[in-house]
Amino acid sequence: MTRRSWWAAALLALACAGLAGCNRSEAAPREGELAWARRTADMVQAALAADRAVYAEDILQRLTMVQKIQVVDPESGEARPLEGREDWKSEHGKLPLPAQVLRMGAERVLMSESGLSYVLLSPWPINKQNRARTAEETRGLDRVVGSRKPHYGTEVLDGKTYFVAIYPDVAVSEACVTCHNQHRDSPRRDFKVDDVMGGLVIRFPL
Amino acid sequence: MRRAVIAALWLSATAGSSIYLATSLRGGDRTLYLPGDTTSGHHQIEDKCEICHEPGSGLREEACTGCHAEELAAADDSHPPQKFLDPRNAALLHRIDARRCVTCHVEHRPGLTGEMGVTQPADFCRTCHQDIAEERPSHRGLPFSGCQAAGCHNYHDNRALRETFLSERLSEPTLRPRATVPQVDREVRYRGLRKAPLGRGQEDAPPGASSEESIAAWAASSHARAGVNCTDCHGGSPVAAAGDAAARPWTDRPGQEGCRGCHGDEVRDFGRGKHGMREAAGLDPMSPDRARLAMNPAADHRELSCTSCHGAHDFDTRRAAVEACLGCHADRHSLAYIGSPHHERWQLEQSGRFWAGSGVSCATCHMPRVRRVDTDRPGVAVLHNQNDALRPVETMVRPVCLPCHGVELSLAALADRALVDRNFRGKPTARAEAIEMLRRLEAAEEEAR
């Protein structure tokens, strides 16, 4: 082999390695990896759903609707009912809504840089930032609302491949339905208990 | 020969300027190196570059949060960075990286800097909320440059602008009957610190360390009434337990350390405002000649510390609330205070003709009484960061205006710059846009029902 051929071969090898590196993030995930991802997402969803139910039923509903706790306002001295409110952080004696607790947890998880992210989205969101934004979110939300079954897929965001799982978000209590039906910014006001109100999107990189 | 002279002159000039520049960088006047004027919120500390910059490696992102994270959390920040960490926001972040403070607050760019040190164009909300008119028909046709300018929204602090908050207060009167500002919980906050009252002759300053005048002022002060003796602030007590502040060696000017033991919250907050941020950053104290607001020239070289407003021994909070401010501040708003409706009520309260808490001093608005829960001395206290309620101005509504006024008048008055300059003599010339829009919305909803 001549010296020139050695150089050509080395350059070719380098180019191939570079191309392989560039394409790596967009390479199709293997079936085994997808099966693992599905199981992982299902476990995360189970934990989130359980925590959310505990907060909604055992904390918020128990304190506000069963025990009907009253809180004394330090400025006026008046007793006011403890309640869940969107602006709970800037008001005295208020509690966050279950969806806000989920979002606050999601933000803390994002700050931990573990790679996991989750968000509640809906075709009828009160906050319009919570509607589907990516193609996979749009497709998945349509499916879970129609089928009431989880949707699994992958998508590439900013050059990185993510596994995306979307689970139906069902109205489990009258409180969910009443709040969404009465909220000024709600685009849909005929929800009933057991309706699918949106989807929980769980996403992590592959 | 001529060449040699020119070369020598050139060499001397180069060496001289190099020495001057190097000396400046190592502790002299570093403002020489500023790439542009610093914003009004940071110019006080501009000669200590390393507060924000890592030597040799640029800006430290945590420099912003180091000073502002706590106030942003207290403001229930509407756009915290963590909101944008979700990968689904990747496309938006390419347009505006909302995770970083410096995306919107670039320092040293006076030509680009607007209100609140923002260096984005006034219509930057458009980047993410371009379809707002579809969601809210009430916003159709409104320019994006007006989101904040009209007084309806703030990027970070919307505590006084949220719909639910405003909606519950639409029927509030302009002035509440028997309007009273919150009273400081002195008894509650200083419980456990108070001792038996002291009087003249019981002072424990070492011989020769005090004067007749200082002892007389102390004996008439709230400190003497609370049993606080000379050594509690100045140190030098022969009987104090080791580790106790009074056991430190006597010092004539104890500075903030003398106050911190009992007034830690106040000292900390003072260091977060424009009055105390220089000293808190390890620089010499702020003085009025460094200020950008109009100041009384006679006060130019006063140094700002606890005693500049409170006095060294009498600790007269009434003087600290008005005379101390007007001794330095000479801008239109400050000068218009004397004779204003707020000042009239202050005089009526001080003369005993009106009830306690009915008067409004400079401090009532700029150092509001807030309920502290984040401290080991909880209760209503005076917030000693006099800039906290001004960032942005709507922040003032809840702690300052609402105890006496309805939300509608409060928002309209704060948005009227000319009225602010006149120190609220007269009425706002325009109604608050946020309130007007909410009223229209509620009327339309009522009609639809």
Those residues that are in contact with a helix residue (DSSP H, G or I) (Cβ under 9 Å, 6 or more places away or on another chain), polar (S, T, N, Q) and closer than 20 Å to A:Arg39 by Cα, I need them from region A:138-182; list them, please.
A:Thr154
Residue count, region A:85-98, condition farther than 16 Å from A:Asp73 by Cα, more than 10 Å from chain B (Cβ to nearest Cβ) and of a type outside the set (A, V, I, L, M), comes to 2
State yes or no: is A:Ser147 touching a Pro at 6+ places or on another chain (Cβ under 9 Å), modelled with pLDDT of 95 or more, among the hydroxyl-bearing types (Ser, Thr, Tyr) and buried (at least 17 other Cβ atoms within 10 Å of the Cβ)?
no
With B:Arg248, B:Arg186 as the choices, which residue is without any contact (Cβ under 8 Å) to a residue 60 or more places away in the chain and in contact with a strand residue (DSSP E or B) (Cβ under 9 Å, 6 or more places away or on another chain)?
B:Arg186
Within region B:130-146, is even one residue within 20 Å of B:Pro368 (Cβ to Cβ), in a loop (DSSP other than H, G, I, E, B) and more than 9 Å from chain A (Cβ to nearest Cβ)?
no
Looking at (1) under 20 Å from A:Ala47 (Cβ atoms); (2) more than 14 Å from chain B (Cβ to nearest Cβ), which one does A:Asp142 not meet, given that it meets all the others?
(1)
I need a count of the residues in region A:76-96 that are of a type in the set (Asp, Glu) and under 23 Å from B:Arg176 (Cβ atoms).
3
Please return the ranges of helices (runs of 4 or more DSSP H) entirely within region B:357-441 where 3 or more residues are under 29 Å from A:Asp185 (Cβ atoms).
B:407-415
Every residue in region B:233-249 that is small (Gly, Ala, Ser) and under 19 Å from B:Gly208 (Cβ atoms), please.
B:Gly235, B:Gly236, B:Ser237, B:Ala246
Do you know which residues across region B:254-295 are of a type in the set (Lys, Arg) and farther than 22 Å from B:Ile51 by Cα?
B:Arg260
For the condition more than 14 Å from chain B (Cβ to nearest Cβ), modelled with pLDDT of 95 or more and in a helix (DSSP H, G or I), what is the one hit in A:Val109, A:Val101?
A:Val101
Can you find a residue in region A:120-138 that is in contact (Cβ under 8 Å) with a residue 24 or more places away in the chain, assigned to a strand (DSSP E or B), surrounded by 16 or more Cβ atoms within 10 Å (Cβ to Cβ) and facing chain B (nearest Cβ under 10 Å)?
yes
If we scan region B:50-60, do we find a residue that is in a helix (DSSP H, G or I) and β-branched (Val, Ile, Thr)?
yes
Criterion violated by B:Ala63 - all others in (1) surrounded by 15 or more Cβ atoms within 10 Å (Cβ to Cβ); (2) without any contact (Cβ under 8 Å) to a residue 60 or more places away in the chain; (3) under 20 Å from A:Glu107 (Cα atoms); (4) among the small types (Gly, Ala, Ser) satisfied:
(3)
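Condition check ((1) free of Cβ contacts under 8 Å to residues at least 60 places away in the same chain; (2) outside any loop (DSSP other than H, G, I, E, B); (3) on the phi > 0 side of the Ramachandran plot) across all residues:
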{"position": "B:His263", "(1), (2), (3)": "yes, yes, no"}
{"position": "B:Val267", "(1), (2), (3)": "no, yes, no"}
{"position": "B:Gly273", "(1), (2), (3)": "no, no, no"}
{"position": "B:Arg278", "(1), (2), (3)": "no, yes, no"}
{"position": "B:Gly282", "(1), (2), (3)": "no, no, yes"}
{"position": "B:Met286", "(1), (2), (3)": "no, no, no"}
{"position": "B:Ala320", "(1), (2), (3)": "yes, yes, no"}
With the structure loaded, tell me whether A:Ala165 is under 24 Å from A:Asp58 (Cβ atoms) and in contact (Cβ under 8 Å) with a residue 24 or more places away in the chain or whether it fails that test.
no
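The values are calculated or read from the model by the stated rules, or taken from the named source; none is laboratory data. Note that the structure is a prediction, hence the values are computed from the model and not measured. Cβ sites come from the backbone with ideal geometry, for glycine too, and all protein chains shown count toward neighbours.
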